[in-house]
Each structure stands twice: as structure tokens, then as C-alpha cells.
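S.K.: Here's a structure for you.
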Amino acid sequence: MIVDLLPTEDQQLVSDSVESFLRDALPVDRLREDTGFGAAPERAIWGELAGLGLFGLGLSAEQGGVGYGAPEEITVARLFGRNLTSPSVIATMAAVHVAAEAGDGDLVAALAAGEKRAAFANLRTPGASGPWDVQLIDAEGADLLLLLEADQAHLIPAAAARDVTEAEAIDQTVQLQRASIDRGAAIATAAGEAIPQRVSLMASAYLAGASEAARDMAVEYAKVREQFGQPIGAFQAVKHMCAEMALRSEAALTQAFYATLVFTTGSPDTGYEVACARSLADRAAVENGKANVQIHGGMGFTQEANAHHYLKRAFVLSALNSTRRGEQHRIMADVHG
């Protein structure tokens, strides 16, 4: 069977439009500036993001969305990763689906129009009893919290978070907070694995995009940084590192696209393919982030360079409703199931 993973004309138009906007509005260089953290730059242009139709992109027109689907969401999530956009953008895109599943048309409209913003409430101890122990990601100023479990997704008013304390993040451009939330606080719940899987696919595409950007940055630097009278890219060891980065990125992106196609069909293989996509993307983003820093040398972890931002963001996103061991368990469960 031949599977076409190339973008359609509409998908390419969406990609080109969003890529151009993000390049101007949210360049990665912003992370070196004192613009605040916790999605501050994104909040400043939230209305423009809504104007592009991003928050209702994957929702049908009948439900109040733009009328595209998961493949288009994955396409733009990849670009968010390349530009290290706040995870709250993905959270809001997913929150629209929860509101739609719950039949709350007013909430769908408010989220799609950018009048309300969602942020992730990442479970620290999945399966535990009692109040949810969560980690809030870029939740300052958010109206809603999106909490994902294995087989359901909840939308919770941000005001329901109790005992909120600041937490130190490896990525200093992301705001992390610890909090607890009563289990009865949700105002909308979507049952089933579809939305957790959709978020995992968007996270996979985001991480794949970040891995691509790290690869491109390393290759460009290897062309201009000279040692012993020639560019360091001429040395075999550096060539091999760049080639391995390219392989990891392509594998992660290809699997993310394929898993998305499987997801849209409702195939029983969806869980397996999504777990494979997440596992490959996590590894690609982290390993390419490390390699990019190494190729940049000592300056790779200085504020004057952007290289370290990709590695740090990879660690943050890889922990979003996922662990490496958890994804491996899902894969092996399907293989031996």
C-alpha cells in the first residue's frame, strides 16, 4: 500500500501562511530578550493567532471551526516547534475539541475567537486518588486549564487551581507552577482517547519541528565556524552528527504525519502509531538539541546563542502527558496484545 505523506495544496497554503506570520511575530530571538515568560509574547498577539483561524483549525464548520482536521493541526504544530511557541497555543487548539465534544457552543466560540485562553495542567501522578496534583505550563492569565488523562480530557476554570506555587523550569522561558485541583472542578469533559491522542500528535509534531530547527541551526553554524583554517562542517565527525540529526528529524516527522493519517481513520492501530510518533519525536528533539549545542561548542549554552533553547524546550514538551517509559509500554502492549 502506498501512503502519500506529502502536503495537499491547502495544507501547503496553511503552512506557508502560518510560517510567514510566526517568522515575523515570534522569532526565536525573542527568547533572548527580556519580554517576560509564561507566553507573554504570545498573549500580546493572541487576537492575531485567532484571526488566522488557528484555534478552530481542526474543528468542522458545523461545530464553529475552520473546517480542516488533524493533518492541518499537525502541520502548524510543527511550525510552533520550529519557533518554540508557547505550549498554551496547542492547549487552546485542543481545548476547542473538548468544548465541542461537551456540546458547549459558547465556549467553542470563545476559544476559537481568542476570547479565552487555555493552558496545560500536566498530571504529576497519573492514576492517583484524591485531588489532581498538577504542573501548570504557561498558565499565567489563562482562563481554562486542560487536563489530560489516558482516556479523557477535562477543561477546568483556571481559578479552580489551589495552592499554586512557582516551580523552577529547566527552560526559563516557560512558566511552571505546581497546584492541586479538585476532581469535580471540570466544566467540560470529553471521554475517550481521541483528544489525548490528538494532543500527543500535536506534541510530536511540535518536537519534530524543534528537532528540524536544531538541525538547521547546527548545519548553518558548521558552515561558517572555522577551525584549523576550514569550516568545522568539513570534518567527518561533524558531518556524521549533522547527518544523524537529519535522520532523526525525518523519521520523527514522517511518523507523526503517518500516525495522524491513521488517527483520522479511527483505526485500532491508532494508539500504537501515536506512541511510536511520540517516542521518535521525543528522542529526535532531545538528541538534536544536544548535538546542536555540542556543534556550537561552549557558546551553545550562553544567552548569546539560541541553541540551548531548543534542548530545554524539548525536555519540557517531552514530559507533557508522556514519559519515555510510558510510550514504550504502549508500543510493547500493542505488539504483544
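The values are calculated or read from the model by the stated rules, or taken from the named source; none is laboratory data. Worth saying up front: this structure is predicted, and the values here are computed from it rather than measured. When we count neighbours, we look across all protein chains shown, and the Cβ atoms used for this are built from the backbone with ideal geometry, even at glycine. These accessible areas exclude ligands, DNA and RNA; they are computed on the full protein's heavy atoms, side chains included. Shrake-Rupley method; radii C 1.70, N 1.55, O 1.52, S 1.80 Å.
S.K.: How much net charge surrounds GLY69 when only other residues with a Cβ under 11 Å from its Cβ are counted (Lys, Arg +1; Asp, Glu -1)?
M.R.: Taking every Cβ under 11 Å from that of GLY69, the sum is -2.
S.K.: Next question. Just the accessible area for HIS97, please: 1.4 Å probe, Å², rounded to the nearest 10?
M.R.: Counting only protein heavy atoms, the figure is 20 Å².
S.K.: What is the spin-label model distance, in nm, from ASP104 to ALA128 if the labels are put 7 Å beyond Cα along the C-beta direction?
M.R.: Result for the modelled spin labels: 2.5 nm.
S.K.: Additional query: Can you compute the label reach from ASP29? Point 7 Å from Cα along the Cβ direction, backbone N cut-off under 20 Å, restricted to the stretch 73-88.
M.R.: Output list for this probe position: 80-86.
S.K.: Could you tell me whether the stretch 40-125 comes out rounded, prolate or oblate from its Cα gyration tensor? Rule is a ≥ b ≥ c as square roots of the eigenvalues, rounded for a/c under 1.5, then prolate if a/b exceeds b/c, otherwise oblate.
M.R.: Rounded shape, in that the Cα axes give a/c under 1.5.
S.K.: With θ set to phi - 60°, apply the Karplus curve 6.51 cos²θ - 1.76 cosθ + 1.60 along the stretch 132-138 and write out the HN-Hα couplings as whole Hz, x wherever there is a Gly or Pro.
M.R.: 5, 9, 10, 10, 8, 10, 6
S.K.: Let me ask something additional. What distance in nm separates the simple spin-label points at GLU193 and ASP16, each placed 7 Å from Cα in the Cβ direction?
M.R.: That separation, rounded to one decimal, is 3.8 nm.
S.K.: Does anyone have the angle between helix 9-25 and the longest principal axis of the chain? Alpha-carbon axes, 0 to 90°, nearest 10?
M.R.: Between helix and principal axis, roughly 80 degrees.
S.K.: Given the -39500 (n - 2.57) contribution per DSSP H run of 4+ residues, what per-residue ellipticity at 222 nm results for the chain, rounded to the nearest 500 deg cm²/dmol?
M.R.: That comes out to -17500 deg cm²/dmol.
S.K.: Please give the FRET efficiency for ALA61 paired with ASP4, using the beta carbon to beta carbon distance and R0 = 30 Å, rounded to the nearest 0.05.
M.R.: 0.75
S.K.: Still on this structure: Between the stretch 121-155 and the stretch 287-316, how many Å separate their Cα centres?
M.R.: 29 Å
S.K.: Using protein chains only and a probe of 1.4 angstrom, how many square angstrom of VAL66 are accessible, to the nearest 10?
M.R.: Accessible surface of VAL66 is approximately 70 Å².
S.K.: Report, to one decimal in Å, the Kirkwood hydrodynamic radius for the chain based on all distinct Cα pairs. Please report the intermediate quantities before stating the final value.
M.R.: On the way: mean 1/r = 0.0495 Å⁻¹.
Result for the chain stands at 20.2 Å.
S.K.: Sticking with this structure for a sec: Please enumerate, by chain and number, the lysines with C-alpha under 19 Å from the C-alpha of LYS223, excluding those fewer than 8 residues away in the same chain.
M.R.: LYS239, LYS290
S.K.: So, one more: Ordering THR8, THR75 from largest to smallest accessible area (1.4 angstrom probe), what's the sequence?
M.R.: THR8, THR75
S.K.: For the chain, which whole-number percentage of the solvent-accessible area (1.4 Å probe, protein heavy atoms only) is attributable to carbon and sulfur atoms?
M.R.: That fraction is 51 percent.
S.K.: OK, next. Please work out how much accessible surface LYS290 shows to a 1.4 Å probe, ignoring ligands, DNA and RNA, in Å² rounded to 10.
M.R.: Approximately 100 Å² of LYS290 is accessible to the 1.4 Å probe.
S.K.: Near ILE195, within a Cβ-to-Cβ distance under 11 Å, what is the net charge of the other residues, with Lys and Arg +1 and Asp and Glu -1?
M.R.: That works out to -3.
S.K.: Towards the positive end of the charge dipole of the chain, with charges on Cβ (+1 Lys, Arg; -1 Asp, Glu), say which of ALA237, ALA205, ILE195 has the farthest Cα.
M.R.: ALA237
S.K.: Treat every Asp and Glu Cβ in the chain as -1 and every Lys and Arg Cβ as +1, leave all other atoms uncharged, and give the resulting dipole magnitude about the Cα centre to the nearest 20 debye.
M.R.: Dipole magnitude for the chain comes out near 980 debye.
S.K.: Hey, another quick one. With a 10 Å cut-off between alpha carbons and a GNM built on the chain, which of SER180, SER88, SER129 moves the most?
M.R.: SER129
S.K.: Please report the net charge: other residues with Cβ closer than 12 Å to the Cβ of LEU253, K and R +1, D and E -1.
M.R.: Values: positive: ARG78, ARG82, ARG215, ARG248; negative: GLU212, GLU250.
Result for the neighbourhood of LEU253: +2.
S.K.: So, one more: Could you give the accessible area per residue of the chain, probe 1.4 Å, as a whole number in Å²?
M.R.: For the chain, the solvent-accessible area averages 44 Å² per residue.
S.K.: Also: For PHE315, PHE120, give the ranking by accessible area with the largest first, probe 1.4 Å.
M.R.: The ordering from most to least exposed comes out as PHE315, PHE120.
S.K.: Just name one of VAL174, ILE156, VAL66: the one whose Cα is farthest towards the positive end of the charge dipole of the stretch 37-189 (beta-carbon charges, Lys/Arg +1, Asp/Glu -1).
M.R.: VAL174
S.K.: Viscosity 0.692 mPa s, temperature 37 °C: give me the Stokes-Einstein translational D for the stretch 141-194 in µm²/s, with Rh taken as the Kirkwood radius over C-alpha pairs.
M.R.: 265 µm²/s
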